[in-house]
Amino acid sequence: LLLYCHAGCSFEAIIKALDLRLNRENDSPVITDTYDYQDALTGEPYQVVRYKPKAFKHRRPDGKGGWIWNINGITPNLWHREDLEQAIADDKLVFICEGEKDVLNLRKYGQEATTISGGASTKWHPSLVPIFEGAKVVIIPDNDEAGRKYALYVANLLYGWCSTLKLLTLPTKDVSDYLATETVGLIQAIDKLLQIVDNTKEYISEGAVTRDEFNSFRGVNLYLW
């Protein structure tokens with residue numbers, strides 16, 4: 001059973017309301033991965049921490065060998081930014097994904113990819129946009145409503161800066177699932193993915209929505225449009 005409450009109800013409240021009895025003995029969160037980032041403006045380090053069962057937290061060094069479990073004052077950055085900038089300078093194709101796992105899977109097979117810490121809930125700082133001037137970019141969102149909205153937000157940010165810009169929605173949950181479910185093998189799966197990219201039309205922006213228009217929609221997140 002997978003359930004997410006947009007009203008913010010606690011796990012325990014949901015389970016109680018559904019009258020469910022679950023064995024939570026083996027559900028203690030365990031850190032499985034940490035992803036290193038640097039503040040987009042200051043270069044200060046911070047991390048995205050991945051847990052099992054699947055969950056994410058952010059932290060930053062406290063200067064005493066420990067961690068502060070928030071990123072207050074941090075400007076979110078693109079992952080592997082230096083590699084990304086070099087790939088753009090070398091005129092290579094770059095992928096923008098919604099999570100670190102997708103980036104790792106693409107990079108594992110020779111593709112340049114990036115994401116921003118926090119995924120689909122993160123607003124890009126304006127200083128990140130000019131990085132993509134003249135770049136060849138493919139945006140691959142998670143195949144859900146939040147992912148699609150976020151991909152449009154990023155595409156409209158980058159529109160006009162890139163030499164080529166494509167928005168690709170795969171039939172699977174994300175690009176990692178696509179690579180894992182392709183029965184032809186991972187190397188061939190990458191080749192098939194690149195063929196799909198070649199056959200995808202250029203993204204054409206339908207125009208930015210003004211702030212006044214957004215203000216007429218109560219509850220709409222401006223940065224998830």
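The values are calculated or read from the model by the stated rules, or taken from the named source; none is laboratory data. Just so we're clear, the structure is a prediction, and the values are computed from it rather than from any experiment. Here the Cβ positions follow ideal geometry from the backbone for every residue, glycine too, while neighbour counts run over all protein chains shown. Keep in mind that these areas ignore ligands, DNA and RNA; they rest on the heavy atoms of the full protein, side chains included. Shrake-Rupley method; radii C 1.70, N 1.55, O 1.52, S 1.80 Å.
Points worth noting:
- Per residue, region 111-157 exposes an accessible area of 34 Å² to a 1.4 Å probe, with every protein chain left in place.
- Eigen-decomposition of the gyration tensor built on the alpha-carbon atoms of region 46-87 gives equivalent ellipsoid semi-axes of 22, 16, 10 angstrom, largest listed first.
- Here the simple spin-label model places points 7 Å from the Cα toward Cβ, and for ALA13 and GLN195 these points are separated by 5.0 nm.
- Under the Karplus curve 6.51 cos²θ - 1.76 cosθ + 1.60, θ = phi - 60°, whole-Hz ³J(HN,Hα) for region 90-97, x wherever Gly or Pro sits: 8, 6, 8, 5, 10, 9, 10, 10
- Distance cut-off 21 Å, percentage of C-alpha pairs in region 32-118 lying past it: 33 percent
- Reduced Cα scattering model of region 1-151, Debye log10 I(q)/I(0), q = 0.12, 0.13, 0.14 Å⁻¹: -0.62, -0.72, -0.82
- Solvent-accessible area of THR200 with every protein chain in place, 1.4 Å probe, in Å² to the nearest 10: 30 Å²
- The spacing between region 143-177 and region 70-123, judged by their C-alpha centroids, is 13 Å.
- The listed peptides 51-61, 93-103, 78-88, ordered by packing as a protection proxy, come out as 93-103, 78-88, 51-61 (highest mean of other Cβ atoms within 10 Å first).
- Whole-number D in µm² s⁻¹ for region 104-151, Kirkwood Cα-pair radius fed into Stokes-Einstein, 10 °C, 1.306 mPa s: 128 µm²/s
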